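Visitor: Quick one: the structure is below, and I'll ask about it shortly.
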């Protein structure tokens, strides 16, 4: 197929339509269910690390049905929280991290997690992806959250060329129109899970194939 010039506006519009039938990315689904505070978004993202959305979303909802504020989680012990989130990978470690964050927020910030990126990154277990997701969804800050799907897809398109998610984030900050900074994660997580998959991507049904450079694609469907 002859390639046409890459147009990010057209790409985002087509991707949005393509992912409409699929489940939403977990953090956006949490927000739609009312769990849209910075603290809940941060906790939900921690629970999603190395865990499929199909697992982390119900785990988060199960936890928030029992406790959803920093004060409520701070009052729990590690064993109780570990049991509640046991289906999430590294549950015991995450339980310790979440309780430590909850106690710090409860005591130092009156139970309201500030929309402060440096503060979020200072917490154990929180990296740029989770900090930016919480700030983007809960605080409406213009930030880009790059997970493995955003990293793989944007590099496969040839839109950026970066070796790591952190470098991809920097490249996207320099190139991606700001209006898509939050949308890029919301759209490319389901797009990367169901269409532009890690192995044997579904190129034959991809709505942006004509603009995609298929970087690194050796076999596809």
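The values are calculated or read from the model by the stated rules, or taken from the named source; none is laboratory data. All values derive from a computational prediction rather than experimental measurement. Ideal geometry is used to build each Cβ from the backbone, glycine not excepted, and the neighbour counts take in all protein chains shown.
Visitor: List the pairs whose first member sits in region 193-218 and is on the phi > 0 side of the Ramachandran plot, whose second member is in a helix (DSSP H, G or I), and whose Cβ atoms are under 9 Å apart, counting only residues at least 6 apart or on separate chains?
Guide: Cβ pairs passing all conditions: 214/156; 214/157; 214/203; 216/152; 216/155; 216/156.
Visitor: Given the conditions (1) touching a helix residue (DSSP H, G or I) at 6+ places or on another chain (Cβ under 7 Å); (2) under 21 Å from residue 49 (Cβ atoms); (3) assigned to a loop (DSSP other than H, G, I, E, B), report the number of the one that residue 197 does not fulfil.
Guide: (1)
Visitor: Here is a follow-up. Out of 28, 22, report the one residue that is surrounded by fewer than 17 Cβ atoms within 10 Å (Cβ to Cβ), at pLDDT 95 or above and in contact with a helix residue (DSSP H, G or I) (Cβ under 6 Å, 6 or more places away or on another chain).
Guide: Values: 28 fails: surrounded by fewer than 17 Cβ atoms within 10 Å (Cβ to Cβ).
Among 28, 22, only 22 is surrounded by fewer than 17 Cβ atoms within 10 Å (Cβ to Cβ), at pLDDT 95 or above and in contact with a helix residue (DSSP H, G or I) (Cβ under 6 Å, 6 or more places away or on another chain).
Visitor: With respect to the numbered conditions (1) in contact (Cβ under 8 Å) with a residue 24 or more places away in the chain; (2) assigned to a helix (DSSP H, G or I); (3) over 10 Å from residue 38 (Cβ atoms), which one is the sole condition not fulfilled by residue 145?
Guide: (2)
Visitor: All but one of (1) surrounded by fewer than 14 Cβ atoms within 10 Å (Cβ to Cβ); (2) at pLDDT below 95; (3) closer than 30 Å to residue 204 by Cβ hold for residue 53, so report the exception by its number.
Guide: Evaluating residue 53 over (1) surrounded by fewer than 14 Cβ atoms within 10 Å (Cβ to Cβ); (2) at pLDDT below 95; (3) closer than 30 Å to residue 204 by Cβ leaves (1) as the failure.
Visitor: Another question about this same structure. For the list (1) under 19 Å from residue 26 (Cα atoms); (2) in contact (Cβ under 8 Å) with a residue 40 or more places away in the chain, I need the number of the one condition that residue 111 fails.
Guide: (1)
Visitor: Sticking with this structure for a sec: What number of residues in region 18-27 are assigned to a helix (DSSP H, G or I) and farther than 19 Å from residue 156 by Cβ? Can you show your working first?
Guide: Of the residues in region 18-27, the ones assigned to a helix (DSSP H, G or I) are 18, 26-27.
Still in the list and also farther than 19 Å from residue 156 by Cβ: 26-27.
Qualifying residue count, region 18-27: 2.
Visitor: Give the residue that is surrounded by the most Cβ atoms within 10 Å (Cβ to Cβ), with candidates limited to residues of region 111-128 that are touching a helix residue (DSSP H, G or I) at 6+ places or on another chain (Cβ under 7 Å) and either assigned by TED's automatic domain parsing to the domain that holds residue 150 or not in a loop (DSSP other than H, G, I, E, B) (or both).
Guide: 120
Visitor: Check off (1) within 17 Å of the chain's Cα centre (by Cα); (2) in a helix (DSSP H, G or I) for residue 83 and give me the number that stays unchecked.
Guide: Tallying (1) within 17 Å of the chain's Cα centre (by Cα); (2) in a helix (DSSP H, G or I), residue 83 fails exactly one: (1).
Visitor: Identify all residues within region 204-221 that are at pLDDT below 95 and part of a helix (DSSP H, G or I); write none if there are none.
Guide: 204, 205 - these are the residues of region 204-221 that are at pLDDT below 95 and part of a helix (DSSP H, G or I).
Yes or no, residue by residue, for (1) surrounded by fewer than 18 Cβ atoms within 10 Å (Cβ to Cβ); (2) in the same structural domain as residue 158 (by TED's automatic domain parsing); (3) in contact with a strand residue (DSSP E or B) (Cβ under 8 Å, 6 or more places away or on another chain); (4) closer than 24 Å to residue 189 by Cβ:
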residue: 12; (1), (2), (3), (4): no, yes, no, yes
residue: 64; (1), (2), (3), (4): no, no, no, yes
residue: 78; (1), (2), (3), (4): yes, no, no, no
residue: 82; (1), (2), (3), (4): no, no, no, no
residue: 85; (1), (2), (3), (4): no, no, no, yes
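Visitor: Considering (1) part of a helix (DSSP H, G or I); (2) farther than 30 Å from residue 191 by Cβ; (3) touching a residue at least 12 places away in the same chain (Cβ under 8 Å), say which one residue 94 fails and leave the rest.
Guide: Here residue 94 meets the rest and fails (2).
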